[in-house]
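Taking it in order: structure first as structure tokens, then the write-up.
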Amino acid sequence: MSAPVHPSRTTVAWIGTGVMGAAMCGHLLKAGYRVSVHTRTRAKAQPLLDLGATWAESPRVAAIGADVILTMVGFPRDVRSVYFGHEGLLHSAKPGTILIDMTTTEPSLSREIAVAAAAKGVTAIDAPVSGGDVGAKHATLSIMIGGAPEAVETIRPLLDLLGRKIVHQGSAGAGQHTKLCNQIVIAGAMVGVCESLLYGYKSGLDLPRMLESIRGGAAACWTLDHLAPRILQRNFDPGFFVEHFVKDMGIALDEAARMGLTLPGLTLAHDLYQRVQRLGHGRSGTHALMLALEELSGTDLSIT
């Protein structure tokens, strides 16, 4: 493919309809793209089927005839299965197809996929995203891209339907490295937000009033705006799963070790989030970190 994608001439396949993937795929359908969809549990794809998507029994089937294939799954093992497995995409993607993996995964795996795809006349791009369920629903995601510049320009109209900030970072794997930088910042920010709320609570402050002040200063950030209110409401529903965040931090720590880096802040956050998992909240949102910090402090905000 060379001309930019367009609903009138581009067939799309979408693999993975989780917390973010379903909303993202929905934007493509509403824009008029013909989309085949596959996910492990068909019921999760039903809202997309209701919008006009067609069901595919496997990634391999979804890839047949598709011009562009987007994947948004959970873990590196899932990515490997979707691309290389017996029913994987690389078994049936036609030459000229562009593969876009939007999962956060290992940079080395993204490079491996790119090499294997190129051998079949297919182009693979890594394009992980940041912005959580809110960004997915409102198409305001930040999209970080690694891969061939020509292919990136071809698919840009698709990405414009999903995100507000789209930046080509470099060759295969560069998008993943950028996303890991993002996760390192988020990990530290989440610890700071939760500890701030604990401190404010124990010092007797009105927490919504406290947040009103610090949101307007140098502490202003996405986490304060979007997740601190959920903590106060005791709403730990996922915008992004704890277990996926632990995975991301683990990948970042492995990459850091490979590069000879020591990241004590990330190491601490990773340990704290593993504690959240042990409390049974691996499928809660990342702001459930508060529950582990409350346990450590013997304090329960119990905001009502």
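Nothing in this text is a laboratory measurement; each read-out follows from the coordinates by a stated rule. Every value quoted in this text rests on a predicted model; they were computed, and no experiment measured them. As a convention, Cβ positions derive from the backbone with ideal geometry for all residues, glycine included, and neighbour counts pool all protein chains shown.
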Positive dipole terminus of region 139-286, leading residue within V242, A252, G200 (C-beta point charges)
G200
Go through region 188-198 residue by residue and turn each phi into a ³J(HN,Hα) via Karplus (6.51, -1.76, 1.60, θ = phi - 60°); whole Hz please, and just put x for glycine and proline.
x, 5, 5, 4, x, 5, 5, 5, 4, 5, 4
Calculate, for D300 and V115, the FRET efficiency according to 1/(1 + (r/R0)^6) with r their C-beta to C-beta distance and R0 30 Å; round to the nearest 0.05.
0.05
Of the residues P157, F75, I145, the Cα lying farthest along the dipole of the chain towards its positive end, which is defined by charges on the beta carbon of Lys, Arg, Asp and Glu, belongs to P157
Could you pull out every residue, at least 5 positions away or on a different chain, whose amide H is within less than 5 Å of the one on R34? Hs are placed 1.01 Å off N in the peptide plane, and Pro or chain starts have none.
V12
Hey, got a sec? Which trypsin sites (Lys or Arg not before Pro) in region 163-224 land in a DSSP loop and have at most 15 other Cβ atoms within 10 Å?
R215
Scattering curve values for region 135-201, log₁₀ I(q)/I(0), Debye with Cα scatterers, q = 0.14, 0.17, 0.27 Å⁻¹:
-0.54, -0.70, -1.12
Computed magnitude of the charge dipole of region 178-297 (debye, nearest 20; Cβ of K, R +1, Cβ of D, E -1)
80 debye
Mean residue ellipticity at 222 nm from the helices of the chain, using -39,500 (n - 2.57) per DSSP H segment of n ≥ 4 over the full residue count, to the nearest 500 deg cm²/dmol?
-15000 deg cm²/dmol
Select from region 39-122 those GluC sites (Glu not before Pro) which occupy a DSSP coil region and have at most 13 other Cβ atoms within 10 Å, ordered by residue number.
E57
Inter-part distance where region 141-213 and region 1-61 are each reduced to a Cα centre, Å
24 Å
With both partners inside the chain, how many of the DSSP beta bridges are antiparallel, as a percent to the nearest 5?
15 percent
Relative contact order for the chain, counting Cα pairs under 8 Å that sit 6 or more residues apart, in percent
14 percent
What list of ³J(HN,Hα) couplings, whole Hz, do you get for region 117-132 from phi and the Karplus terms 6.51, -1.76, 1.60, once you set θ to phi - 60° and write x for glycine and proline?
5, 4, 5, 9, x, 10, 10, 10, 10, 9, 9, x, 10, 9, x, x
Treating only the Cβ atoms of Lys and Arg (+1) and Asp and Glu (-1) as charged, compute the dipole magnitude of the chain about its Cα centre; round to the nearest 20 debye.
520 debye
Taking the convex hull of Cα positions in the chain, its mean projected area over all directions (nm²)
16.2 nm²
Shape call, region 11-171: gyration tensor on alpha carbons, a/c limit 1.5:
rounded
Of K44/K247; K94/K247; K137/K179; K165/K247, those spanning more than 27 Å from alpha-carbon to alpha-carbon:
K94/K247
What ³J(HN,Hα) values, in whole Hz, does the Karplus curve 6.51 cos²θ - 1.76 cosθ + 1.60 give for region 40-50 when θ = phi - 60°, with x put for Gly and Pro?
4, 10, 4, 4, 5, 8, 4, x, 6, 5, 5
Region 115-250: Cα Rg divided by the 2.2 N^0.38 Å rule of thumb
1.28
Cleavage-rule hits (trypsin sites (Lys or Arg not before Pro)) in region 17-87: DSSP loop, at most 13 neighbouring Cβ within 10 angstrom
R40
By how many nm would the segment from A219 to D254 grow when fully extended, if each residue of separation counts as 0.36 nm and the alpha-carbon distance is taken off?
9.7 nm
Please report the Cα spread of region 178-297 along all three principal axes, rounded to whole Å, starting with the longest.
45, 32, 25
